[in-house]
Amino acid sequence: QVQLVESGGGLVQPGGSLRLSCAASGRIFSPYVMGWYRQAPGKQRELVASITSGGTTNYADSVKGRFAISRDNTKNTVYLQMNNLKPEDTAVYYCKVSLGGFQYWGQGTQVTVSS
């Protein structure tokens with residue numbers, strides 16, 4: 001089993017920044033993909049960004065140039081630096097680990113962008 005603990009969400013004004021963190025523990029072995037998804041009220045959960053063990057990244061078009069995903073393999077932790085936040089970025093953000101054919105999800109952290 002893999003456990004994920006997210007942190008870093010909160011309330012921020014438009015144009016502001018937040019950094020999310022997600023630490024994985026348990027039966028972790030490489031390679032595995034770590035990613036961030038989000039779900040806004042009334043909408044489907046969508047991919048925000050992902051990163052492989054080798055550092056290859058993938059971003060949703062809506063966040064390219066504003067968000068940056070990174071990971072520390074020594075700590076099994078993935079980060080999402082979010083800059084120039086917009087009201088439409090408001091959502092619950094979930095961390096996901098894809099490992100050995102299984103997918104593990106965090107509990108989610110709320111990000112609210114509002115003035």
Counting DSSP beta bridges with both ends in the chain, the antiparallel % (nearest 5): 95
Reference-scaled alpha-carbon Rg (2.2 N^0.38 Å with N residues) for the chain: 1.01
Within straight-line cross-link reach of Lys75, aspartates and glutamates at Cα separation under 19 Å, skipping those fewer than 8 residues along the same chain: Glu6
Percentage relative contact order, the range 35-99, counting C-alpha pairs under 8 Å, at least six apart: 36
Probe 1.4 Å, protein heavy atoms only - accessible area per residue of the chain in square angstrom: 53
Whole-number D in µm²/s for the range 66-115 (Stokes-Einstein; Kirkwood sum over Cα pairs; 37 °C, 0.692 mPa s): 261
Charged-residue dipole, Cβ positions (Lys, Arg, Asp, Glu), the range 1-80 about Cα centre, Debye nearest 20: 40
Lysines whose Cα lies under 28 Å from that of Lys86, excluding same-chain neighbours fewer than 8 positions away: Lys43, Lys64, Lys96
Within the accessible area of the chain (1.4 Å probe), percent carbon and sulfur: 48
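The values are calculated or read from the model by the stated rules, or taken from the named source; none is laboratory data. These numbers come from a predicted model, not from an experiment. Heads up, the Cβs are rebuilt from the backbone with ideal geometry, glycines too, and the neighbour counts pull from every protein chain shown. Only protein heavy atoms, including side chains, enter the accessible area calculation; ligands, DNA and RNA are left aside. Shrake-Rupley method; radii C 1.70, N 1.55, O 1.52, S 1.80 Å.
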